[in-house]
Amino acid sequence: MSIDFYDQIQKFVGLEAGTQDGHDEVNQAMIRHWVEAMGDENPVYVDAQLAAESIHGERIAPPVMLQAWVMRGLKHRPESGGSPQDDLMNVLDGAGFTSVVATNCEQEYDRMLHLGDHLRTRTIIDSISDEKQTALGTGHFLTTRVEYETLEGEPVGRMLFRILKFKPGTGRSVSTEEESPPRPLRPRPALNRDNQFWFEAAKEHRLVIQKCSDCGVLRHPPRPRCDKCGSYEHGAVEASGKGTIYSFVVIHYPQVPSFDYPLPVGLIALEEGTRLVADLTGAEASEFKIDMPVILEWQDLDPDLTLPAFRPVKL
Amino acid sequence: MTNLTVGEQLTPIVIEKISRTDFVKYAGASGDFNPMHHDETIATATGNPSVFGHGMLTAGLMARVLTDEFGPEALRKFQVRFSKPVWPGDTLTFTATVTAIREEEGKTFVDLECTCSNQDGVEALNGSATALDQN
């Protein structure tokens, strides 16, 4: 994502996306469609007589139906001259983020809605995320805040609604397992007599560091001879799993099918003093920083391969 | 004072084999006609194995667990995250568990954690809610 595009979409944050009036008042026919779709048999929504005898004194609308009273429907969005929300959707569509899926909804209710209530919404663009790689595809999360009130101005509720606008076909899990070829395994380590102990320990979820049996110096990656004293005698100690990011890269290209991208890879300075290369997990690629404290997390990648990864320490 | 206790589960709702017809009924009831939820051709062209359910249909079904227990007027706050799509044929189980019971200005509020899982135990929705307890 270019900085320019990010700036362009961030300009919409905080804008009032306009007011909209419900096409119709809260009415019995739409309530009936709703409760039938929900299989909700509570008579207070549909039975005038029973509702009259209830604490409500009249029929009410199901609370979660709030959103439906001011639904815009599938009308064509104006290419220009629409609301800021229309303009933002056009900008995202134009950049290829044409698909939409709802991800979160938060509703608050001030009072029950009754037949004849006529609602109006005021919509504010609350936030737009930077570009995220999600299971569905690459996209931006867009959050709107919607205030519901009657045409007379009485607040009745509010809703925070988050959608993902994404590029179709860029996801990881869009196709079924039958259709997609099995994911290739990670490349195999080149095992030899000098480094085998390290990978065997990893399978047991032990991160070990080679140690010179004569001078006691720790070394990684494993090798036959001590750099300091020249001894060929060595053992190993177990690392605590704590360290900091000494350096890191985020790999975008070339992509190997057995990895997820963007792929953050760190050079981790262990608290014991040696460094090792490992995947970084537990945060967005953009969130890793040099000197960030990290902690070991094992990745059991397949039956024959377990590798260490490191995630940020939660402070 | 409520007769619920923290950790208690409300009566769950199970929807057996949700269908395309259920999605279409919800589209008509809500006015949400995003074709991904009813037009198989468009849904598969964008890489989906089939159409999938509206998040707000799952949310509406989830809310039934709460309104059945407390009454529609008691629901104060309801927030959900749509974690995985709901596919035609899925059997969905909606559960709500009491996480806290609070007294505020002489009223009793019940906080709950909400979950919807499919037949494979995959979570399609999670969320939370606050209801006024009137018992």
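Side notes on the structure shown:
- Chain A against chain B buries an accessible area of about 2900 Å², both chains summed, 1.4 Å probe radius.
- Listed values for the stretch A:202-214 are Karplus-derived 3J(HN,Hα) couplings in whole Hz (6.51 cos²θ - 1.76 cosθ + 1.60, θ = phi - 60°), namely 4, 4, 8, 6, 10, 8, 10, 10, 5, 9, 5, 6, 8, and x replaces Gly and Pro.
- Full-stretch length increase - residue A:71, residue A:186 - with 0.36 nm per residue and alpha-carbon distance subtracted: 36.6 nm
- Only helices enter this figure: runs of n ≥ 4 DSSP H residues, each worth -39500 (n - 2.57), summed and divided by the residues of chain A, yield -4000 deg cm²/dmol at 222 nm to the nearest 500.
- Antiparallel DSSP beta bridges within the stretch A:196-312, percent to nearest 5: 95
- Alpha carbon centroid spacing (whole Å) that separates the stretch B:81-135 from the stretch B:17-74: 17
- Surface share of carbon and sulfur [accessible, 1.4 angstrom probe, percent] for chain A: 51
- Placing +1 on the Cβ of every Lys and Arg and -1 on the Cβ of every Asp and Glu, with no other charges, gives the protein assembly as shown a dipole of roughly 1700 debye about its Cα centre.
- A convex hull fitted around the alpha carbon atoms of the protein assembly as shown yields 189 Å³ per residue.
- Principal axis dimensions, chain B - Cα atoms, whole angstrom, descending: 55, 30, 20
- Of the trypsin sites (Lys or Arg not before Pro) found in the stretch A:13-94, those in coil by DSSP whose Cβ has at most 15 other Cβ atoms within 10 Å are A:72, A:75.
- Relative contact order, percent, the stretch A:196-312 [alpha-carbon distance under 8 Å, six or more residues apart]: 24
- Projecting the Cα atoms of B:80, B:54, A:199 onto the charge dipole of the protein assembly as shown (Cβ charges, centred on the Cα centre) puts A:199 farthest toward the positive pole.
- Annotation: for a label point projected 7 angstrom from Cα along Cα→Cβ of residue A:145, residues of the stretch B:80-115 with backbone N closer than 18 Å are B:80.
- When only the Cβ of Lys, Arg, Asp and Glu is charged (+1, +1, -1, -1), the dipole of the stretch B:1-114 relative to its Cα centre reaches about 220 debye.
- Gained length - residue A:284 relative to residue A:194, 0.36 nm times residue gap less alpha-carbon distance: 28.9 nm
- When both bridge partners sit in chain A, DSSP labels roughly 95% of those beta bridges antiparallel.
The values are calculated or read from the model by the stated rules, or taken from the named source; none is laboratory data. Note that the structure is a prediction, hence the values are computed from the model and not measured. Glycine also receives a Cβ, built like all others from the backbone with ideal geometry; neighbour counts cover every protein chain displayed. With ligands, DNA and RNA removed, areas are computed over all heavy atoms of the protein, side chains included. Shrake-Rupley method; radii C 1.70, N 1.55, O 1.52, S 1.80 Å.
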